[in-house]
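Notes for the one structure printed next.
What follows is calculated from the coordinates using simple rules that are stated; it is not laboratory data. Bear in mind that the values here come from a model prediction, so they are computed numbers and not experimental data. Heads up, the Cβs are rebuilt from the backbone with ideal geometry, glycines too, and the neighbour counts pull from every protein chain shown.
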């Protein structure tokens with residue numbers, strides 16, 4: 001029986017845009033994924049998934065990444081596209 005291949009798709013447009021920002025900042029600093037991951041306190045394979053938009057993150061992890069990349073967490077998340085949500089139209093504001 002063949003080994004199932006892991007899903008390598010982007011979670012959504014929000015995670016993709018966040019990952020692009022993380023990659024851009026890492027490159028500005030001249031860091032490899034491994035070096036950046038070490039500074040952020042996460043495993044390099046997980047860091048790569050973040051950059052590819054394949055991980056949806058907890059707030060604590062976003063703050064950790066921002067700290068490791070010497071950038072304000074707000075700069076990484078401000079203006080990101082909203083994730084698709086089926087119930088959005090049903091919520092009254």
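What is the extension gain from residue 59 to residue 82, computed as 0.36 nm multiplied by their sequence separation minus the C-alpha to C-alpha distance, in nm to one decimal? Intermediate values should be presented prior to the final figure.
On the way: separation 23, 0.36 × 23 = 8.28 nm, distance 1.57 nm.
Extra length available between residue 59 and residue 82 comes to 6.7 nm.
How far is it, in nm, from the label point at residue 70 to the one at residue 20 when both lie 7 Å from their Cα along the line to the Cβ?
Placing both labels 7 Å beyond Cα along the Cβ direction yields 2.5 nm.
Quick one: compute the contact order of the stretch 39-80, relative version, from alpha carbon pairs under 8 angstrom and 6+ residues apart, as a percent. Could you put the intermediate results ahead of the total?
Details: 20 pairs, mean separation 18.1, N = 42.
Once divided by the residue count of the stretch 39-80, the mean separation gives 43 percent.
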